[in-house]
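No value in this document is a laboratory result; all are computed from the given coordinates. Remember, predicted model here, so these are calculated numbers, not experimental data. Methodologically, a virtual Cβ is constructed for each residue, glycine included, from the backbone with ideal geometry; neighbour enumeration extends over all protein chains shown.
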Protein chains: 2
Amino acid sequence: MRAEVKVFLKDGVLDSQGKAVHHALDSLGFDMVSDVRIGKNIIIELDESSVSSAEDELEKMCQALLANTVIEDYTVEITK
Amino acid sequence: MRAEVKVFLKDGVLDSQGKAVHHALDSLGFDMVSDVRIGKNIIIELDESSVSSAEDELEKMCQALLANTVIEDYTVEITK
């Protein structure tokens with residue numbers, strides 16, 4: 001089973017990497033860009049047959065390690 | 001218009017960040033995890049009304065700045 005975990009900074013938290021990329025795109029002439037936000041995309045392969053127990057485990061992984069829940073939000077999606 | 005650009009290391013390129021997270025998950029007792037790969041997820045807000053010209057611009061941004069095409073693959077998706 002494969003899961004996709006997306007981790008993004010919460011709204012209101014300064015995304016300095018996104019700001020830097022936005023500025024660089026602007027310098028390169030891509031002036032139609034109005035905002036850039038950058039997050040992590042974590043693809044996890046699991047040896048687990050039940051979707052619901054995989055979701056439980058992934059939730060625990062996010063809380064324990066993958067996301068800093070003070071400043072980051074995350075979404076978990078089982079992709080296959 | 002909003003676009004989501006996903007940038008991942010190509011297959012065969014060592015993903016040291018993914019390996020480190022896999023090891024950490026293993027240490028925390030998540031032994032059902034068989035592989036972890038980590039990429040970037042770049043959300044771009046565009047002032048552009050045509051989907052096809054937005055796709056063209058995003059392709060140029062990926063080639064010019066967002067991805068290192070020697071070691072990275074990318075996908076572009078218009079999400080709204």
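Annotations for the structure displayed:
- Residues that are surrounded by 16 or more Cβ atoms within 10 Å (Cβ to Cβ) and charged (D, E, K, R) were ranked within region A:2-13; the one that is nearest to the other protein chains (Cβ to nearest Cβ) is A:K6.
- Residues within region A:22-56 that are closer than 23 Å to B:S16 by Cα and either away from chain B (no Cβ under 11 Å) or not polar (S, T, N, Q) (or both), tallied: 9
- Residues that are under 28 Å from A:K60 (Cα atoms) and within 18 Å of the chain's Cα centre (by Cα) do occur in region B:42-54.
- Among the residues of region B:8-56, those that are touching a strand residue (DSSP E or B) at 6+ places or on another chain (Cβ under 7 Å) and under 18 Å from A:D35 (Cα atoms) comprise B:K40, B:N41, B:I42, B:I43, B:I44, B:E45, B:L46, B:D47, B:V51, B:A54, B:E55.
- Taking the criterion of being surrounded by fewer than 19 Cβ atoms within 10 Å (Cβ to Cβ) and over 14 Å from the mean Cα position of the chain (by Cα), the residues of region B:14-28 that qualify are B:L14, B:S16, B:K19, B:A20, B:H23, B:A24, B:D26, B:S27, B:L28.
- Inter-residue pairs, beta-carbon under 7 Å, first touching a residue at least 24 places away in the same chain (Cβ under 8 Å) and in region B:64-80, second of a type in the set (G, A, S), 6+ apart: B:Y74/B:A67; B:V76/B:A3; B:E77/B:A3; B:I78/B:A3; B:I78/B:A54; B:T79/B:A3
- A:L66 satisfies every condition listed in (1) hydrophobic (A, V, I, L, M, F, W, C); (2) over 17 Å from A:K10 (Cα atoms); (3) within 11 Å of chain B (Cβ to nearest Cβ) except (2).
- When B:D31 is tested against (1) surrounded by 13 or more Cβ atoms within 10 Å (Cβ to Cβ); (2) without any contact (Cβ under 8 Å) to a residue 40 or more places away in the chain, just one condition goes unmet, and that condition is (1).
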